[in-house]
Amino acid sequence: MKDFYRRGLDEGTFDSTFGSLGNGNTVGVIPYCLGGGISIATGLIGFGCDNILSAKVVLPNGQLVFASEEEWPDLFWALKGAGQHFGLVLEITLRTYPLSIYGTPEGRHWVGNFMYPLERAEAVCKEMETLMADTKNLTAGHLMVMAPPPSFQPIIAVSPHYFGDPKNAPAAFGALDKLGPIAFNATTPLVPNLSDHLDFACQKGDYKRFSLAGLQEFKTDRFLQVINLFKELFETCPDAGASGYFVEWHSRANEIPKPESESAFSHHDVYMWVNCLSWCKSKGSCEKVFELEKKVIDVMRSGQDPSEYIDYQNCNREDPVERRFRGKERLAKLRRIKQQVDPQGVFTKEFL
């Protein structure tokens, strides 16, 4: 993702515009968009799949086709949110946006990092309840329990993003400052550098799994239980210390932009996600690590009717597909298109 933007800047493609981008520098642009495409910028430009204008696709029978609203419209509909199940996508054309949408002409916006000891978790979470429900300021970010270097001790971290004039950001997050973080820094990065702080999670090797589940609300008592689960992880699987449990939010200062046309993606009404980065060095730890990951998701959506559970498209594939592709009509259409395009299940057996 970062290489894509750097190349665009060098060539002058992104002097004043940008396209959909993910939350990791090593995430590929095409798979990111095909699988939904959630990012810090979702509240500004919508999901990645919403911004696909056309795609060049190799079908399971070897046929090369161009899919768009005009050509292969059903396939195009399916590609936007479930594309990995229908063919090999070689190329996509994306909608672009002015860099100024971030708040400055060059596309900079304010990003903070607040770190607190676990003893202040309840106070931090209570402030986050208010911040995540804010309808005045356009913000997004992550509340995390993790054990970062160099001390590798569990802490609470908040990484908020403010979209607008960076000078107004400190007032928007003043309550977090008053809690007395043990460490704090703020930057105003350019678009290609938005995810540099997550480079640690992009390292190759070991055993990793990343899961996302949609949330209807954020409650302090639930995240305090998640912190206890992280402590259990840290104590029982020392080699899994690089793991982390996050809540990602997108403020309701404005609605997440709706797509101009329908697609396979069904989560435009979700403003909050629980993110589980499960990461261990020993295969023997995987069972325990993944068990705790499931417990974290269960805790964060406790109180919800199971029929309303939401899983992100590319995650939690062991759970019912109805959670990833919501709506009987949507799922029926995906199954019909799968039978037409890939009845043998060359590109996964999903929808068959």
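Listing for the model above:
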{"quantity": "Segment 226-242 residues near the modelled C286 label - backbone nitrogen below 20 Å, point 7 Å along Cα→Cβ", "calculated": "233-234, 236-242"}
{"quantity": "Near-label residues of segment 274-289 by backbone N, under 16 Å of a point 7 Å along Cα→Cβ of F152", "calculated": "279-283, 285"}
{"quantity": "Fluctuation leader among H250, H268, H142 - the chain, Gaussian network, Cα springs under 10 angstrom", "calculated": "H268"}
{"quantity": "Extension reserve of the T104-D305 stretch, reckoned as 0.36 nm per residue once the Cα distance is removed", "calculated": "68.1 nm"}
{"quantity": "Potential lengthening between E119 and E235 on full extension [0.36 nm per residue; Cα-Cα distance subtracted]", "calculated": "40.0 nm"}
{"quantity": "FRET E, pair K178, D206, Förster distance 30 Å, beta-carbon r, rounded to 0.05", "calculated": "0.20"}
{"quantity": "Relative contact order of the chain, defined on C-alpha pairs under 8 angstrom at six or more residues apart (%)", "calculated": "20"}
{"quantity": "Stretch gain in nm, segment K126-V346, where the contour uses 0.36 nm per residue and the Cα spacing is subtracted", "calculated": "74.4 nm"}
{"quantity": "Span from the segment 134-178 Cα centroid across to the segment 310-352 one, whole angstrom", "calculated": "36"}
{"quantity": "Cut-off 12 Å (backbone N to label point 7 Å along Cα→Cβ of K56), residues of segment 88-132", "calculated": "89-93"}
{"quantity": "Residues with amide H under 5 Å from that of H267, placed H, sequence gap 5 or more", "calculated": "none"}
{"quantity": "Highest-first arrangement of 186-192, 280-286, 79-85, where packing means the average Cβ count within 10 Å", "calculated": "79-85, 186-192, 280-286"}
{"quantity": "Relative contact order (%) - criterion: Cα under 8 Å, at least six apart; region: segment 211-312", "calculated": "46"}
{"quantity": "Helix-only [θ]222 nm of the chain, DSSP H runs n ≥ 4, -39500 (n - 2.57) each, per residue, nearest 500", "calculated": "-8000 deg cm²/dmol"}
{"quantity": "Members of K294/K349; K80/K208; K80/K328; K328/K349 lying beyond 21 Å, as alpha-carbon distances in this model show", "calculated": "K294/K349; K80/K208"}
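Values quoted throughout were computed directly from the atomic coordinates according to the rules given, and no laboratory measurement underlies them. Just so we're clear, the structure is a prediction, and the values are computed from it rather than from any experiment. Note that each Cβ is placed from the backbone with ideal geometry, even for glycine, and that neighbours are counted across all protein chains shown.
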